[in-house]
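Student: Dumping the structure here so I can ask a few things about it.
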Amino acid sequence: MLSKCAARECATTGVRVNVICPGPSSGTALMENRTKARPERQENLVKKVPLGRAGDPDDVAQAAIWLCSDDAAFITGHALSVDGGLAIS
């Protein structure tokens with residue numbers, strides 16, 4: 001909700017406010033810390049992802065680059081899930 005309020009306040013100045021909601025990403029400190037003691041946790045989590053894999057940091061970076069580009073010039077106040085479909089499963 002904070003991002004939606006900020007988007008509304010900043011819209012008249014041309015500043016766009018969007019949020020990226022990342023899903024499980026391999027190769028990150030968060031995933032490594034969460035699964036270090038129990039590697040099966042990552043397997044179980046990935047099984048829930050409709051696209052069948054954990055993301056990687058580049059997946060999130062590409063979403064951020066797109067949101068910052070002119071291709072997304074008419075998008076503001078949006079929460080973009082970059083989670084392989086986990087939010088819909």
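Student: Output the number of residues of the stretch 1-59 satisfying the condition of being under 25 Å from Ala72 (Cα atoms), loosely packed, with under 15 Cβ neighbours inside 10 Å, over 13 Å from the mean Cα position of the chain (by Cα) and among the hydrophobic types (A, V, I, L, M, F, W, C).
Tutor: Result for the stretch 1-59: 7.
Student: Can you pull out the residues in the stretch 9-42 that are part of a helix (DSSP H, G or I), at pLDDT 90 or above and either touching a Gly at 6+ places or on another chain (Cβ under 7 Å) or among the β-branched types (Val, Ile, Thr) (or both)?
Tutor: At the first step, the residues of the stretch 9-42 found to be part of a helix (DSSP H, G or I) are 9-13, 29-35, 40-42.
Then keep just the ones that are at pLDDT 90 or above; that gives 9-13.
Once the filter is applied, which keeps residues that are part of a helix (DSSP H, G or I), at pLDDT 90 or above and either touching a Gly at 6+ places or on another chain (Cβ under 7 Å) or among the β-branched types (Val, Ile, Thr) (or both), the stretch 9-42 yields Thr12, Thr13.
Student: Touching a residue at least 12 places away in the same chain (Cβ under 8 Å), out of contact with any helix residue (DSSP H, G or I) (no Cβ under 6 Å at 6 or more places or on another chain) and not aromatic (Phe, Trp, Tyr): does that describe Met1?
Tutor: Details: touching a residue at least 12 places away in the same chain (Cβ under 8 Å): no; out of contact with any helix residue (DSSP H, G or I) (no Cβ under 6 Å at 6 or more places or on another chain): yes; not aromatic (Phe, Trp, Tyr): yes.
Here the answer is no, as Met1 does not meet what is asked.
Student: Restricting the stretch 60-81 to residues that are in a loop (DSSP other than H, G, I, E, B) and out of contact with any helix residue (DSSP H, G or I) (no Cβ under 9 Å at 6 or more places or on another chain), which is surrounded by the fewest Cβ atoms within 10 Å (Cβ to Cβ)? So that I can check it myself, show each step before the final result.
Tutor: So the first thing to find is which residues in the stretch 60-81 are in a loop (DSSP other than H, G, I, E, B), and the list is 69, 73-78.
Now narrow it down to the ones that are out of contact with any helix residue (DSSP H, G or I) (no Cβ under 9 Å at 6 or more places or on another chain): 69, 73-74.
On the way: Ser69: 9, Ala73: 9, Phe74: 7.
Checked the stretch 60-81; the qualifying residue surrounded by the fewest Cβ atoms within 10 Å (Cβ to Cβ) is Phe74.
The values are calculated or read from the model by the stated rules, or taken from the named source; none is laboratory data. If you're wondering where the values come from, they're calculated on a predicted model, not measured in any experiment. Cβ: placed from backbone, ideal geometry, glycine included. Neighbour counts: every protein chain shown.
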